[in-house]
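Notes to accompany the following structure.
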Amino acid sequence: MREVKFKVNESKTDGNRGVESVPTIMVDGPPIDIERKRQLVKKLTNVAVEVYGIPHIVVLIRENPPENVGVEGKLIADRKKID
């Protein structure tokens, strides 16, 4: 099973300029194709718009290939697949 982590930064007001930033959703996970990214961005945005009540949501996707991720002292790329 692949683990995907989500982090949401809430809106904050910049005290220096009075500029409000927008909620940003950051997704860390394995590489996926562009169509699945489109679906992910759309669904995450729809939920965030419903919760925050504003249309301005940013979604950032950071892909981490198995050779760049270690779990329990081993690269995921070196672990045997479990059927």
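Here are the numbers for the structure shown:
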quantity: Gyration tensor (alpha-carbon) shape descriptor, the stretch 24-83, a/c threshold 1.5; calculated: prolate
quantity: Ordering of 74-80, 24-30 by burial proxy (mean other Cβ atoms within 10 Å per residue, highest first); calculated: 24-30, 74-80
quantity: Ranked 58, 41, criterion: other C-beta atoms within 10 Å, fewest first; calculated: 58, 41
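Just so you know, all these numbers are worked out from the coordinates, no wet-lab data involved. Just so you know, these numbers come straight off a predicted model, no measurement behind them. Neighbour counts run over all protein chains shown; Cβ positions are idealised from the backbone, glycine included.
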